[in-house]
Amino acid sequence: MSRIGVIVGSTRPNRVSPLAAERVLGRAKSVLADHSVELIDLADVNLPFFDEALPPAAGPGANPHTTAWAARVAEYDGFVIVTPEYNAGYPAVLKNALDYLFAEWAGKPVAVVAYGWHGGARVMNARTPVLGNLKMSELPGVGIQFGQHIVDGAWAADEDTLAALDAQLDGLAARLGEALTEKSAENA
């Protein structure tokens, strides 16, 4: 059984991320019933800003928080990142969490659900170079708009948005299947 982590990409007080991530988590548990789906809240991970002597591509980090984060990420086969759009990008805490590691992300499929006043559209542009550099297998993103899909702090997603999320999750499952097939072929 594959393990999928749903990453809560904001630590801001009064954040909407837990609401959105819980909704995505519930949908993922339904669509991906053959997989283990778990929440990873970056507020709980609590990484300091990157403080390793060497870049992650040079090998494993030495600090205890880095090795703990690396071990946690390594446990998962794929990810769904749920993130707000802050100033035409995504939060520094999410970028920092991604930047801490390299090998642990490489080759793993990742889906992004972004939300904000512009439906997270600018996050979709900002994420691709970073996820590509980390060698992740990126799926098309899903955007959620304040005032339309999130109203007064509650998720009011319409059928089109839910269908897009379901298609994204189905794509994640397909990529996980492809990765397992490749891994089996390598080990044969």
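The values are calculated or read from the model by the stated rules, or taken from the named source; none is laboratory data. This is a predicted model, so every value here is computed, not measured. When we count neighbours, we look across all protein chains shown, and the Cβ atoms used for this are built from the backbone with ideal geometry, even at glycine. For accessibility, only protein heavy atoms count, side chains too; no ligands or nucleic acids. Shrake-Rupley method; radii C 1.70, N 1.55, O 1.52, S 1.80 Å.
For Ile40, the residues whose modelled amide H falls within less than 5 Å of its own, excluding neighbours fewer than 5 places apart on the same chain, are Val6, Ile7, Val8. Over all directions, how big on average is the projection of the convex hull of the alpha-carbon atoms in the chain, in square nanometres? Averaged projected hull area, Cα only: 10.6 nm².
Note that the range 58-75 has calculated 3J(HN,Hα) couplings of 7, x, x, x, 9, 6, x, 5, 6, 5, 5, 5, 4, 5, 5, 5, 4, 5 Hz, one per residue in order, obtained from phi through the Karplus relation 6.51 cos²θ - 1.76 cosθ + 1.60 (θ = phi - 60°); glycine and proline are x. Protein heavy-atom surface of the chain, 1.4 angstrom probe: 53% of the accessible area is carbon and sulfur, with nucleic acids and ligands not counted.
Treating only the Cβ atoms of Lys and Arg (+1) and Asp and Glu (-1) as charged, compute the dipole magnitude of the chain about its Cα centre; round to the nearest 20 debye. Walk me through the numbers before you get to the answer.
Working: 14 positive and 22 negative charges, 60 e Å.
Result for the chain is approximately 280 debye, rounded to the nearest 20.
Derived scalar couplings between HN and Hα for the range 160-172 equal 5, 5, 5, 5, 5, 5, 4, 5, 4, 5, 4, x, 5 Hz in order, rounded to whole Hz, by the Karplus curve 6.51 cos²θ - 1.76 cosθ + 1.60 (θ = phi - 60°), x for Gly and Pro. FRET efficiency for the Glu159 to Lys135 pair, using the beta carbon distance and R₀ = 45 Å, is estimated at 0.85. Would you mind getting me the FRET efficiency between Ala71 and Asn187? Use the beta-carbon distance for r and R0 = 30 Å, nearest 0.05. In this case the efficiency is close to 0.85.
Would you mind giving the three semi-axes, in whole Å and largest first, of the ellipsoid equivalent to the range 10-87 according to its Cα gyration tensor?
Values: eigenvalues 133, 65, 19 Å².
Its equivalent ellipsoid spans semi-axes of 26, 18, 10 Å.
How much length would be gained if the chain were fully extended between Asn63 and Ala43, taking 0.36 nm per residue of separation minus their Cα-Cα distance, in nm to one decimal? Walk me through the numbers before you get to the answer.
Numbers: separation 20, 0.36 × 20 = 7.20 nm, distance 1.86 nm.
Result: 5.3 nm gained on full extension.
Charges on Cβ only, +1 for Lys and Arg, -1 for Asp and Glu, centred on the Cα centroid of the chain; of Phe50, Ala106, Thr11, which one is farthest towards the dipole's positive end? Value: Phe50. Based on C-alpha pairs under 8 angstrom that are at least 6 apart in sequence, the chain has a relative contact order of 22 percent.
Beta bridges from DSSP with both residues in the chain: antiparallel share about 10 percent, rounded to the nearest 5.
Surface exposure of the chain, expressed per residue as accessible area with a 1.4 Å probe, stands at 48 Å².
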